[in-house]
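The structure appears right after this line, and notes come after that.
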Amino acid sequence: MNDKAATQFAEPTEKEIRLVIAASSAGTIFEWYDFFIYGTLAGLIGAAFFPSDNATLQLLLVWAGFAVGFGFRPLGAVLFGFLGDKLGRKYTFLVTVTLMGVATAGVGLIPGAATIGIAAPIIVILLRILQGLALGGEYGGAAIYVAEHAPVEKRGYYTSYIQASVAGGFVLSIAVVLACRFLIPAESFISWGWRIPFLLSLILLGISLWMRLKLSESPVFQAMKAAGETAKNPFTESFTYPGNKKRIFVALFGITGILTTIWYTAFFSGMSFLRGPMRVEEGLVEIILLIAGSLSLGLYLLVGKWSDRVGRKRPIVIGAALSLLILFPVFWGIGALANPGLRASAQNAPVLVSGDGCAYSPFAETQATACGRLLQDLTSLGVSYTVDQAAEPTDILASMQPELTLFVGQSSHILGTELTSEEGTGRRDIVQGWLEEAGYDFARQSPPLLNIAGIIALLVVLGGLSALTYGSVAALLAEMFPPRIRYSSMSIPYHIGAGYLGGFLPLIAGYIVATTGNAYAGLWYTWAVVAFGLLVAWWGIPGGLPKDFDDNV
């Protein structure tokens, strides 16, 4: 059964389509708000549930918890994709939004690690797993529901509201955090006020359920059910349906791999970059991301509408190619505008570490060597460095171990026994003092207004790259797979790609930055995934004007 025949079963009116788009988009915004609020409040989440003396480890543990939720998205895609293809689109994503809202509110109710110890991070991880399962079923349901109500000539535009809603969830999470910061004194917000954005998800859940309960089932699913053509085992059929293995491979690497790494680089890497190495005031970072994210929302709609005229393939290929060309220059520009003094200091007084055993493990609570402890201090300060690994001593020179030395520009500082010992007190403060003498400024930055405008403009450029590679995807994925197994077939590769290639991006990029001492090194992960994805997209995404599935070759 094709989509055209199915839509004749109960063709929706314009009013019904507007309700479908509004309810699906609102639910998607609320559900992604629930998921993103964790990343938006990463610093406070770390202090509450993953406290550590190693600040880098604490942040990486937060991103590991973030990644765990993404890691379970494919399982959610299998579970809810099965239910969506068997029982219907509408009731499946009613379940997913309920599960997400309850799990998110739960994070706001958990006592901190200082109160219940190791149980706190364990419960947080369990709730993140529930969020991941819910999100694995949400996107496919909302995207398909809108796509199956839309005529092919407007499908890209109508479904682009779902794509924009994902970014809308991120914008909403920042707006709520900013409002709470404004209404709650700073100390109280750090102590308990950060929990309020999580608890607000119950209100958003109520609104979403109220809107979605007004919807009727997708006409495509109604027609399949009436004809007795629903899949017996959607998961199995997704891998046995003729040509579907290629489609899943293309959807995973040539579509999702590209869009998800660009999206998380644009928004989450941008946020971490400004907060961390660039040391911009946290409240200002949130305002910058709020404005840039809001300005980017309309770009998804423009790309979706454009894809109805030129096809789905062209925007994705153009967006991926542009990303490879300008990703690094855009971030270099953001860094130069956000903290020009840091860039000047790094050029005028580069940092070099020379010594024995210069190995740094970001996941270690305590570093094994003196040099590792020094690198931990530099990483926590957000200072780029290079390492001159001393040669291993010979037997004759065994008693003449090379001294651990920190070179800052033309100055050299030998770290004595007190500073290099595991119990050395004030080591980081002393190292920071040496760096400040060379011109480094570790105060939180508030760039001039013109610089802020430039940062916002560059973030909107990244948002444009995301829109090009994401705006038409819901329509494209719906058109790539047969209706009887569409929910499962598009959800599985989408959430494997988004869950692992994108969801682990903050963790992987953060690890690369921590181990290399280069604030921009994490971008190579995005670049590599997009480069491979571009080749797959060029080869495998159907070209030409949009078509229903049964018209595809």
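The values are calculated or read from the model by the stated rules, or taken from the named source; none is laboratory data. In this text, all values refer to a predicted model and were calculated from it rather than measured experimentally. Glycine gets a Cβ as well: all are built from the backbone with ideal geometry, and neighbour counts include every protein chain shown.
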Quick test of your reading of the structure: residue 153 fulfils all but one of (1) in contact with a Gly (Cβ under 8 Å, 6 or more places away or on another chain); (2) farther than 18 Å from residue 497 by Cα. Name the failing condition by number. (1)
So residue 537 ticks every box in (1) assigned to a helix (DSSP H, G or I); (2) farther than 21 Å from residue 310 by Cβ; (3) in contact with a Gly (Cβ under 9 Å, 6 or more places away or on another chain) but one. Which box is left unticked? (2)
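Listed here are the residues, each with its yes/no results for (1) within 26 Å of residue 74 (Cβ to Cβ); (2) modelled with pLDDT of 85 or more.
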| residue | (1), (2) |
| --- | --- |
| 457 | no, yes |
| 460 | no, yes |
| 466 | yes, yes |
| 470 | yes, yes |
| 477 | yes, yes |
| 486 | yes, no |
| 493 | yes, yes |
| 511 | yes, no |
| 523 | yes, yes |
Checking the structure you have, find out if any residue of the stretch 444-462 is touching a Lys or Arg at 6+ places or on another chain (Cβ under 9 Å) and in contact (Cβ under 8 Å) with a residue 60 or more places away in the chain. yes
Could you grab me the full set of residues in the stretch 347-361 that are surrounded by fewer than 20 Cβ atoms within 10 Å (Cβ to Cβ), within 27 Å of residue 46 (Cβ to Cβ) and either assigned by TED's automatic domain parsing to the domain that holds residue 512 or touching a Gly at 6+ places or on another chain (Cβ under 6 Å) (or both)? 359
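Rundown of residues vs (1) modelled with pLDDT of 95 or more; (2) part of a helix (DSSP H, G or I); (3) under 19 Å from the mean Cα position of the chain (by Cα); (4) more than 22 Å from residue 544 (Cβ to Cβ), yes/no style:
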{"position": "287", "(1), (2), (3), (4)": "no, yes, yes, yes"}
{"position": "293", "(1), (2), (3), (4)": "no, yes, yes, yes"}
{"position": "296", "(1), (2), (3), (4)": "no, yes, yes, yes"}
{"position": "303", "(1), (2), (3), (4)": "yes, yes, no, no"}
{"position": "306", "(1), (2), (3), (4)": "yes, yes, no, no"}
{"position": "316", "(1), (2), (3), (4)": "yes, yes, yes, no"}
{"position": "321", "(1), (2), (3), (4)": "yes, yes, no, no"}
{"position": "326", "(1), (2), (3), (4)": "yes, yes, no, yes"}
{"position": "336", "(1), (2), (3), (4)": "no, yes, no, yes"}
Taking residue 534 as the residue in question, decide whether it is under 19 Å from residue 318 (Cα atoms) and not basic (Lys, Arg). yes
Helices (runs of 4 or more DSSP H) enclosed by the stretch 81-181 - at least 1 residues per element that are of a type in the set (Phe, Trp, Tyr): 89-109, 119-147
Restrict the check to the stretch 321-343 and report whether at least one residue is surrounded by 20 or more Cβ atoms within 10 Å (Cβ to Cβ) and more than 22 Å from residue 459 (Cβ to Cβ). no
Within the stretch 345-362, can one find any residue that is in contact with a Cys (Cβ under 9 Å, 6 or more places away or on another chain), on the phi > 0 side of the Ramachandran plot and assigned to a loop (DSSP other than H, G, I, E, B)? yes
If we keep only residues of the stretch 500-536 that are closer than 14 Å to residue 324 by Cα and over 17 Å from the mean Cα position of the chain (by Cα), then the residue surrounded by the fewest Cβ atoms within 10 Å (Cβ to Cβ) is 535
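Yes/no matrix, rows are residues, columns are (1) touching a Phe, Trp or Tyr at 6+ places or on another chain (Cβ under 7 Å); (2) modelled with pLDDT of 90 or more; (3) buried (at least 24 other Cβ atoms within 10 Å of the Cβ); (4) not small (Gly, Ala, Ser):
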{"residue": "171", "(1), (2), (3), (4)": "no, no, yes, yes"}
{"residue": "181", "(1), (2), (3), (4)": "yes, no, no, yes"}
{"residue": "215", "(1), (2), (3), (4)": "no, no, no, yes"}
{"residue": "219", "(1), (2), (3), (4)": "yes, no, no, yes"}
Step by step: first the residues of the stretch 221-245, then only those that are at pLDDT 70 or above and of a type in the set (Ser, Thr, Tyr), then the one that is nearest to residue 18 (Cα to Cα). Which residue is that? 238
Those residues that are at pLDDT below 80 and surrounded by 12 or more Cβ atoms within 10 Å (Cβ to Cβ), I need them from the stretch 362-379; list them, please. 362, 363, 364, 366, 367, 368
Which of the residues belonging to the stretch 265-274 are out of contact with any Ser or Thr (no Cβ under 8 Å at 6 or more places or on another chain) and at pLDDT 85 or above? 270, 273, 274
Evaluate the following for residue 165: is it crowded, with 24+ Cβ neighbours inside 10 Å, touching a Gly at 6+ places or on another chain (Cβ under 6 Å), hydroxyl-bearing (Ser, Thr, Tyr) and touching a residue at least 12 places away in the same chain (Cβ under 8 Å)? no
Kindly indicate whether any position in the stretch 50-58 is of a type in the set (A, V, I, L, M, F, W, C), at pLDDT below 75 and within 18 Å of the chain's Cα centre (by Cα). no
When both residues are 6+ apart or on different chains and their Cβ atoms are under 6 Å apart, which pairs have a first residue that lies in the stretch 128-157 and is more than 15 Å from residue 32 (Cβ to Cβ), and a second that is modelled with pLDDT of 80 or more and among the basic types (Lys, Arg)? 144/486; 147/155; 157/305
State yes or no: is residue 170 over 29 Å from residue 490 (Cβ atoms) and in the same structural domain as residue 200 (by TED's automatic domain parsing)? no
